[in-house]
Amino acid sequence: MSALPKHTFVPQDGTAVPAAHGRAAHGAAIDPPAGAGDSAPRPSSRARARATTALAARDTALVLLGTGVVGTALLRLLGTPAAAGLHLVGVANSRAQHANARGLVPSQAARLLESSSCARSDDALLAALAASGAADRVVV
C-alpha cells in the first residue's frame, strides 16, 4: 500500500481509486472508475429523497445563549463553510430571544435578537431544537 498515491481509496474489491478531493476521508461516496458499473440501476427519486433526509438528520441544530465577544465570534464562524453541518435555530441573551426551527442566518441573528420582543424562555428554545429534526442538538 505504500506505493499508492496519498489520496487513494481502496474499496473492498482491492482496486485503487484516486479520492476526489479527499472526499473518501469524510465517508462520502467515491465516483467509480470510468466504465465500472455503467449498467447499474440509478436510485429512484424516492430513494434519493430518503438519502437526503438521512443526511439532513445527521446535521446538528444549535442554540446560542449570549451574543457577547465569544457568542459574536461563534456567529461569524457559523457563517463559514467550516460550520456547514451546524444549523443555528435559536439565539438568546439575558433579556430576549429569537428562535426558528427551520434555521436562522448567523449574520442576521444579532440584529434579530435586538429587535425581538420575545422574552427569554428555555422551553421555546428547546422546542426549536426538537422541531429542527436534527439528529444532534446543542446549546452553547
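The values are calculated or read from the model by the stated rules, or taken from the named source; none is laboratory data. All of these numbers come straight from a predicted model, not from anything done at the bench. Using ideal geometry, Cβ is built from the backbone for each residue, glycine included, and neighbour counts are taken over all protein chains shown. The accessibility values were calculated without ligands, DNA or RNA, using every heavy atom of the protein model including side chains. Shrake-Rupley method; radii C 1.70, N 1.55, O 1.52, S 1.80 Å.
For the stretch 119-136, the set of residues classified as polar (S, T, N, Q) and either farther than 13 Å from residue 92 by Cβ or under 22 Å from the mean Cα position of the chain (by Cα) (or both) consists of 132 only. Restricting the search to helices (runs of 4 or more DSSP H) fully inside the stretch 54-140 and requiring at least 3 residues that are of a type in the set (S, T, N, Q) gives 106-115. Candidates are the residues of the stretch 95-118 that are buried (at least 21 other Cβ atoms within 10 Å of the Cβ) and under 14 Å from the mean Cα position of the chain (by Cα); the one that is nearest to residue 78 (Cα to Cα) is 106. Within the stretch 80-89, take every residue that is open to solvent by 50 Å² or more (accessible area, probe 1.4 Å) and either modelled with pLDDT of 95 or more or hydrophobic (A, V, I, L, M, F, W, C) (or both) and give me the one that is farthest from the chain's Cα centre (by Cα). Once the filter is applied, the top-ranked residue is 82. You will find that of 53, 15, 67, 60, the residue that is surrounded by 10 or more Cβ atoms within 10 Å (Cβ to Cβ), among the β-branched types (Val, Ile, Thr), modelled with pLDDT under 90 and within 19 Å of residue 128 (Cα to Cα) is 53 and no other.
Quick check on my filter: what residues within the stretch 122-136 are surrounded by 15 or more Cβ atoms within 10 Å (Cβ to Cβ) and either among the aliphatic types (A, V, I, L, M) or farther than 13 Å from residue 102 by Cβ (or both)? Matches in the stretch 122-136: 124, 125, 126, 127, 128, 129, 134.
Residue 92 meets the conditions (1) open to solvent by 50 Å² or more (accessible area, probe 1.4 Å); (2) without any contact (Cβ under 8 Å) to a residue 40 or more places away in the chain in every case but one. The failed one is (1).
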